[in-house]
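Shown next, in structure tokens, is the structure this report addresses.
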């Protein structure tokens, strides 16, 4: 059992090196399983092997979820997060790059696991990506300020193609604890979704 509040960043890095390859392999497996045309024998053999691997991991299972943790060094460890969780194979992951104190972007490849309409990203997942980035920027990338979604409105201008996407977000203005945000998703042909959101600073 890990106690992150008692760990140094170096100790967390050791865990990262242990578990990150496993998560990457599972992400690759998800894509392979979705798009395989293998026959009965190959699928049955793969199923048996996966059941054995799952059983071996279940023998070392913690209770509950990974949650959000902080080390004494102030390092955030959101390993189970659906947006950027290092240990969550359903997370692409979403890596935020800051363009300044009030703006940031994400460059991400979304493949078959995120499909809604054929060949396109599920609209609900587009909403998750934008909510994730807007919330991150509203919080300023800081562990000292947490901004929660108050309201968010989305305009779907056209379907978002699977593949390489650019997601952007910026602070428009602040009024006390209220933070007004704007964001967008674009594929190779331009903007597909725009968003406006009101976020509330919960902790300073």
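Since every read-out is calculated from the coordinates, none of them should be taken as a lab result. No experiment lies behind these values; they were computed from the predicted model shown. Reconstructed Cβ throughout: ideal geometry from the backbone, glycine too, with neighbour counts over all protein chains shown.
Dividing the mean sequence gap of close Cα pairs (under 8 Å, 6+ apart) by how many residues the range 94-203 holds gives a relative contact order of 30 percent. The range 174-204 and the range 66-128 have their alpha-carbon centroids 15 Å apart. Computed across the range 129-194, the Kirkwood radius stands at 12.7 Å (inverse of mean 1/r, all Cα pairs).
Taking 0.36 nm per residue of separation and subtracting the Cα-Cα distance, full extension of the segment from residue 22 to residue 42 would add 5.0 nm. What fraction, in whole percent, of alpha-carbon pairs in the chain exceed 19 Å separation? Counting every Cα pair in the chain, those more than 19 Å apart make up 67 percent.
Model label points for residue 149 and residue 180, set 7 angstrom from Cα along the Cα-to-Cβ axis, are 2.0 nm apart. Within the range 94-203, all pairs of alpha-carbon atoms sorted by distance into 5 Å bins from zero give the percentages 2, 14, 25, 24, 17, 11, 6, 2, 0. Summed over qualifying helices (DSSP H, 4 residues or more, each -39500 (n - 2.57)) and divided by its residue number, the chain shows a 222 nm mean residue ellipticity of -10500 deg cm²/dmol. Work out the FRET efficiency for residue 109 and residue 202 from their Cβ-Cβ distance, taking R0 = 30 Å, and round it to the nearest 0.05. With R0 = 30 Å, the Cβ-Cβ based efficiency is 0.40.
Exposure proxy for 94, 165, 22, 15: other Cβ atoms within 10 Å of each Cβ, ordered fewest to most, give 22, 15, 94, 165.
To make sure I understand, if each residue's beta carbon is the centre and we count other beta carbons within 10 Å, what order do 130, 66 fall in, fewest to most?
66, 130
Among 168, 97, 11, the largest mean-square fluctuation in a Gaussian network model of the chain (Cα springs under 10 Å) belongs to 11.
Each Cα pair under 8 Å and six or more residues apart adds its separation to the average, and for the chain the resulting relative contact order is 17 percent. Our summary gives the range 1-93 a relative contact order of 34 percent, counting only alpha carbon pairs under 8 angstrom and 6 or more residues apart. Taking every alpha-carbon pair within the range 1-93, the share separated by more than 18 Å comes to 55 percent.
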